[in-house]
Structures are given as C-alpha cells and as structure tokens.
Amino acid sequence: MTYNIHHGKGMDKQIDLHRTAKVIEKSDADIISLNEVDKHYSERNDYLDQSMWLAQQLNMYHAFSPSLTLTSKQTTTKRQYGNALLSRFPIVSEKSYLFNFIPGLIEGRSLLTATVEHNKKLFDINVTHLSLNPILHRKQINFIVNQLHKNSHPMIIMGDWNMKPGSRGWRKMTTEFHDVWDHAGNGTGFTYPSLRPKLRLDYLFVSPSFQVVDAEVISNLPHASDHLPLKATLLFSQ
C-alpha cells in the first residue's frame, strides 16, 4: 500500500498519528510506502520520529529516507522530513538517494530503496515522492528508472508521483513496469483530495514477475490525510 500521510495531519487540521496507524492497520497491508513523514522535524508533532512510532504501534520493520534535513547549533538531533517504509517482513538492506539535480536548488525529494525478505526470497521496495516542477519531475523519473536497472530482484515502486495517467513520466514507467490500477483497478483510482478525489497522484508499479490480483483505493477513513491510500494484492510467480 502507498499512503501520503501528510505528517499525520487530517482534513480537520488535527495531527493524529493514532488515526494514521488505524488506517494502516485496517488495510491489512504487509508492505506500506509512506510520504510526508516527520522525523524529529518540528513542534507540530512534538519532534516525534513518526515512522519509528508507527512501526512500534503496528509491530513492523521500518526504514526512512530524508528528503529534507535541518540542523541547529542548539541540538545534535537532525530535523528531517521524507519518505518511509513499513514492512511485516524483515528489511535486510536500505539506501537513500537525495534528488539534488540543479546546483543551489534543494527542493526536498528523495528515493528510498530497501530490500525485504519473504519466504527466503528477496524483493526490492522503492518509495518516492516526486516534484511538481516538470523539469525536476522528468529528471527524477529518469534517475529512478536508471537506478532500478541496477536491481536484480523483483521490484515494487510506489509513492506520490504528482503526475497523471498517460503523462510522459507515466509512459516511461509503464514501458517497463505494470501500473497496478491499470491491471486490476475498478473506476478512476483517484486518491486526491481525500474527501472529494479528483486526481490520481499516488501510484504502485511492479515488475512483470508479479501478477496483480486486485487494486483498490481505501476510503474508510478519508479525514486522516489529504490523500487516500492505494492498495494492491500481488501474487509472485518465479
């Protein structure tokens, strides 16, 4: 499942990470991509490490990729904001790539790549949140595709892509990977905004070795974030 949690801030303007955890728990997903996650970031969530807190609440493994890091002379703790991964399966390795393609411009986007182990098989899980800027968006997708070519395991790539189906970026991804909604979704697949969705911004792509059994937008707790989660049921066949 992929879910932009908006640092736990719901459509009622309240930050409630217990509500975020409830959405994830009720989804019964095994692997969850998270966008807009705080790690000791600010007073808005009492400087909480949100991905660690969610992992502890849900009894999952977790990984984090900072897209933005702030430092202060007053503390050695880094204030970070970015992407995260929750997994019921062990995470055996993880790496973070900061997107910084234009010198002097740090927008705060990154790619988290992790390898999880399930039934003695390794899978590469990739989590990202792409730019609204068309030039940066294109550079980020090119980097992701080139990076994925270096991976040897079956792949899942997900997150908030800030693009529309049929766009140039979407076409580049779907030449090599399956868009789960195209294969098994029913309806528009809109995930944003959560109360009256009009756009499909959140995507889950998989390598051809996966069979997409089902895809659904989860809307039972729409007030929990400004995005709705997208969930897919996958079958792996060697």
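The values are calculated or read from the model by the stated rules, or taken from the named source; none is laboratory data. Not measured: the values here are computed from a predicted model. Neighbour counts run over all protein chains shown; Cβ positions are idealised from the backbone, glycine included.
Is there a residue in segment 96-107 that is within 15 Å of E36 (Cβ to Cβ) and within 18 Å of the chain's Cα centre (by Cα)?
yes
Name every residue in segment 178-205 that is outside any loop (DSSP other than H, G, I, E, B) and surrounded by fewer than 22 Cβ atoms within 10 Å (Cβ to Cβ), in order of residue number.
Answer for segment 178-205, where residues must be outside any loop (DSSP other than H, G, I, E, B) and surrounded by fewer than 22 Cβ atoms within 10 Å (Cβ to Cβ): H178, D179, D182, H183, A184, Y192, L199.
Can you tell me which residue among S67, S96 is in contact with a Gly (Cβ under 6 Å, 6 or more places away or on another chain), surrounded by 13 or more Cβ atoms within 10 Å (Cβ to Cβ) and within 25 Å of L132 (Cβ to Cβ)?
Being in contact with a Gly (Cβ under 6 Å, 6 or more places away or on another chain), surrounded by 13 or more Cβ atoms within 10 Å (Cβ to Cβ) and within 25 Å of L132 (Cβ to Cβ) holds for just one of S67, S96, which is S67.
Residues being buried (at least 21 other Cβ atoms within 10 Å of the Cβ), under 14 Å from the mean Cα position of the chain (by Cα) and under 24 Å from R168 (Cβ atoms): count how many of those fall in segment 111-142.
Count: 8.
Which of the residues that make up segment 156-197 are over 24 Å from E36 (Cβ atoms) and acidic (D, E)?
The answer is E176, D182.
Does T71 count as without any contact (Cβ under 8 Å) to a residue 40 or more places away in the chain and among the β-branched types (V, I, T)?
yes
For segment 33-63, enumerate the residues that are at positive phi and not hydroxyl-bearing (S, T, Y).
E36, H40, D46, N59
Among the residues of segment 153-168, are any surrounded by fewer than 20 Cβ atoms within 10 Å (Cβ to Cβ), outside any loop (DSSP other than H, G, I, E, B) and either modelled with pLDDT of 95 or more or among the hydroxyl-bearing types (S, T, Y) (or both)?
Within segment 153-168 (the criterion being surrounded by fewer than 20 Cβ atoms within 10 Å (Cβ to Cβ), outside any loop (DSSP other than H, G, I, E, B) and either modelled with pLDDT of 95 or more or among the hydroxyl-bearing types (S, T, Y) (or both)), the answer is yes, since at least one residue qualifies.
Residues that are touching a Phe, Trp or Tyr at 6+ places or on another chain (Cβ under 7 Å) and either among the acidic types (D, E) or at pLDDT 95 or above (or both): does segment 94-103 have at least one?
Looking through segment 94-103, none of the residues is touching a Phe, Trp or Tyr at 6+ places or on another chain (Cβ under 7 Å) and either among the acidic types (D, E) or at pLDDT 95 or above (or both).
Conditions first: (1) within 14 Å of the chain's Cα centre (by Cα); (2) assigned to a strand (DSSP E or B); (3) within 24 Å of L17 (Cα to Cα). Q80 passes all but one, so which condition is the exception?
Only one criterion is unmet by Q80, namely (1).
In the set I32, I24, which member is buried (at least 22 other Cβ atoms within 10 Å of the Cβ), in a helix (DSSP H, G or I) and aliphatic (A, V, I, L, M)?
Exactly one of I32, I24 is buried (at least 22 other Cβ atoms within 10 Å of the Cβ), in a helix (DSSP H, G or I) and aliphatic (A, V, I, L, M), namely I24.
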